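What follows is a single structure, written as structure tokens, with notes after it.
The values are calculated or read from the model by the stated rules, or taken from the named source; none is laboratory data. On a predicted model such as this, the values are computed, not experimentally measured, just so you know. Neighbour counts are summed over all protein chains in view; Cβ atoms, including those assigned to glycine, are modelled from backbone coordinates with ideal geometry. Calculation scope for accessible area: heavy atoms of the full protein, side chains included, ligands and nucleic acids excluded. Shrake-Rupley method; radii C 1.70, N 1.55, O 1.52, S 1.80 Å.
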Amino acid sequence: MITAIRDEKNRYRNLQNGQWVESRNDTYITIKSPIDDTVLGMVPAMSKEEVDMAIETAKKAQKQWRNVTTDEKAEILYRAADILLKYKEELAELMVREISKDRKSCYSEVERTADFIRFTADTGKNISGESIPGDSFPGGKNNKVSIVRREPLGVVLAISPFNYPVNLAASKIAPGLMAGNSIVLKPASQGCLCGLYLARAFQEAGVPAGVLNTVTGKGSEIGDYITTHKGIDFINFTGSTEVGAHISSITSMVPLLMELGGKDAAIVLEDADLELTASNIVAGGYSYSGQRCTAVKRILVVEEVADQLIEKILPKLEKLTMGNPLDRDVDIVPLISTNAADFVCELIADAKEKGAKLLFGGNREGNLIQPTLFDNVTTDMRLAWEEPFGPVLPIIRVKDKDEAIKLANESEYGLQSAVFTQNINNAFYVANKLEVGTVQVNNKTERGPDHFPFLGVKASGIGTQGIRYSIESMSRPKVTVINLSNN
Ligand code: NAP
């Protein structure tokens with residue numbers, strides 16, 4: 001399938017009005033593998049005129065797409081899911097190289113995405129409206145009834161991040177389409193080859209010309225132009241808080257759905273099952289080198305059990321595998337860029353300098369950073385607050401659950417938190433007080449199952465995703481009031 005979206009010189013094309021088109025100004029971005037710097041392909045750095053065409057095309061096509069029956073839309077989505085599975089190997093191989101993720105996780109990302117798309121079709125078919133009688137409001141009369149249906153918003157701009165280039169693009173496209181919108185996908189530059197591949201799967205499944213279009217180019221160059229384009233009716237963004245906050249500061253009157261950064265805490269109470277806790281912390285903190293929005297990013301443990309917890313974590317860190325994901329499935333892979341690795345090392349250096357105790361790791365070879373664990377991290381250290389998006393975790397010792405809650409809530413972020421305890425009362429006590437979108441009891445922080453609501457509060461996001469929630473976010477109620485004269 002990949003040959004349909006690139007030419008013999010390995011220059012990728014964009015999907016515009018149902019055609020795969022080359023760069024019109026012959027300007028390309030070179031996409032290299034973070035694993036070994038090999039060139040994977042070139043993608044058009046689109047000009048403003050090309051962006052205009054993508055958005056105008058989407059605007060026109062949406063007018064027909066909104067009238068396609070729900071059942072037909074669902075059939076297209078089912079086919080897209082089947083196509084993804086059919087080409088799973090090719091897509092997963094591309095993903096391993098493009099974003100340096102281990103093969104097993106790439107396969108499971110494609111499978112999870114196919115499930116997501118199917119479930120979205122099922123859910124879309126089961127969304128119905130309501131009718132509200134007028135006489136339930138004080139003074140209301142029984143001659144009035146409100147019929148509420150949902151209608152699409154128009155053109156949805158979907159901007160996805162590098163770390164789940166298939167899943168986090170599809171989780172915008174599929175609900176957006178099912179709600180009757182057309183989509184302009186702007187994938188992360190590192191990850192855009194996978195994003196274009198995904199678009200090809202939707203096209204092959206029968207998404208009509210113009211209903212899905214892609215825009216490639218560096219966010220820093222064309223991002224402001226696209227996000228403030230008057231043809232865009234809704235922006236669904238996943239990425240860093242920095243870029244999300246920037247978008248929300250420059251846009252006006254366009255609804256936003258944003259999933260942003262996090263500093264998810266694992267709160268460990270005195271009665272936790274420490275074996276289970278340590279397993280979850282290691283899996284949650286270090287898989288894909290910690291490059292997950294919901295990775296465990298700090299451990300807040302009550303002093304009383306801190307040493308025992310560390311004893312359980314350290315052997316598990318020793319077992320983590322590290323290296324080149326092309327060779328074998330490894331837990332720790334080279335980070336997405338040298339800048340990303342430099343940033344993680346800055347946080348490590350700051351923690352060391354301010355007196356944190358290095359328990360494990362701390363070294364770097366190229367962009368591969370050892371799984372790293374610090375104890376005695378204090379609130380003056382950057383590692384206590386900043387999101388490393390790398391394999392480093394701070395342990396902050398606390399005296400009790402209230403101190404843990406206080407520290408957890410002092411973060412600017414509010415994506416998820418986990419609480420480990422065997423006491424149901426303590427679990428609810430902590431969960432009720434945390435300022436986050438989701439609290440996991442006795443499990444690592446993580447997204448999914450994908451029909452659960454997923455949201456971040458404070459600097460972690462705006463709005464709610466999750467299959468039904470995403471369809472609802474990308475549609476609005478349309479109210480028709482029937483006024484009867486003879487009641
Ligand atoms: P990023 O640098 O913010 O980039 C995200 C997307 O925004 C990319 O497509 C990027 O394009 C684009 N972009 C950059 N500048 C833009 C601008 N001015 N206007 C419009 N778009 C612009 O994030 P990332 O490094 O890909 O992903 C890591 C971050 O995402 C972490 O902070 C992580 O926590 C967060 N994340 C959150 C969730 C969640 O659900 N909460 C899930 C995954 C990741 P280019 O690539 O071309 O720059």
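Things to note:
- Whenever a residue of the stretch 454-480 is open to solvent by 10 Å² or more (accessible area, probe 1.4 Å), its partners that are of a type in the set (Ser, Thr, Tyr) and assigned to a helix (DSSP H, G or I), lying with C-beta atoms within less than 6 angstrom and at least six residues away or across chains, give the pairs Ala459/Thr241; Gly463/Ser473; Arg468/Thr123.
- Of all residues in the stretch 252-269 being more than 15 Å from Ile159 (Cβ to Cβ) and in contact (Cβ under 8 Å) with a residue 40 or more places away in the chain, the one that is farthest from the ligand (Cβ to nearest atom): Leu269
- Which listed residue is open to solvent by 30 Å² or more (accessible area, probe 1.4 Å) and either aromatic (Phe, Trp, Tyr) or within 27 Å of the chain's Cα centre (by Cα) (or both), from Thr321, Thr378: Thr321
- Test: residue in the stretch 66-74 that is among the hydrophobic types (A, V, I, L, M, F, W, C) and more than 17 Å from Cys192 (Cβ to Cβ): yes
- Gly390 fulfils the conditions (1) surrounded by 18 or more Cβ atoms within 10 Å (Cβ to Cβ); (2) under 21 Å from Phe454 (Cα atoms); (3) in contact with a helix residue (DSSP H, G or I) (Cβ under 8 Å, 6 or more places away or on another chain) except for a single criterion, (2).
- Residue within the stretch 129-146 that is in contact (Cβ under 8 Å) with a residue 60 or more places away in the chain and either surrounded by 24 or more Cβ atoms within 10 Å (Cβ to Cβ) or closer than 22 Å to Asn236 by Cβ (or both) present: no
- Leading residue by the ranking (nearest to Gln16 (Cα to Cα)) among those in the stretch 213-246 that are crowded, with 21+ Cβ neighbours inside 10 Å and near the ligand (Cβ under 6 Å from one of its atoms): Thr227
- Residues (free of Cβ contacts under 8 Å to residues at least 60 places away in the same chain and open to solvent by 30 Å² or more (accessible area, probe 1.4 Å)) located in the stretch 29-50: Thr30, Lys32, Asp37, Thr38, Val39, Met42, Glu49
- Here the strands (runs of 3 or more DSSP E) wholly within the stretch 77-195 that include at least 1 residues being within 16 Å of the ligand (Cβ to nearest atom) are 155-159, 182-186.
- Within the stretch 412-428, considering residues that are closer than 22 Å to Leu260 by Cβ and of a type in the set (Gly, Ala, Ser), the one surrounded by the fewest Cβ atoms within 10 Å (Cβ to Cβ): Gly414
- Being within 16 Å of the ligand (Cβ to nearest atom), more than 17 Å from the chain's Cα centre (by Cα), at negative phi and open to solvent by 30 Å² or more (accessible area, probe 1.4 Å) holds for only one residue in Ser249, Ser287, and it is Ser249.
- The residue that is surrounded by the most Cβ atoms within 10 Å (Cβ to Cβ), counting only those in the stretch 342-367 that are closer than 25 Å to Ile310 by Cα and of a type in the set (Gly, Ala, Ser), is Ala351.
- Of the strands (runs of 3 or more DSSP E) entirely within the stretch 385-487, those holding at least 2 residues that are more than 11 Å from the ligand (Cβ to nearest atom), more than 30 Å from Ile132 (Cβ to Cβ) and not basic (Lys, Arg) occupy 392-398, 416-420, 438-441.
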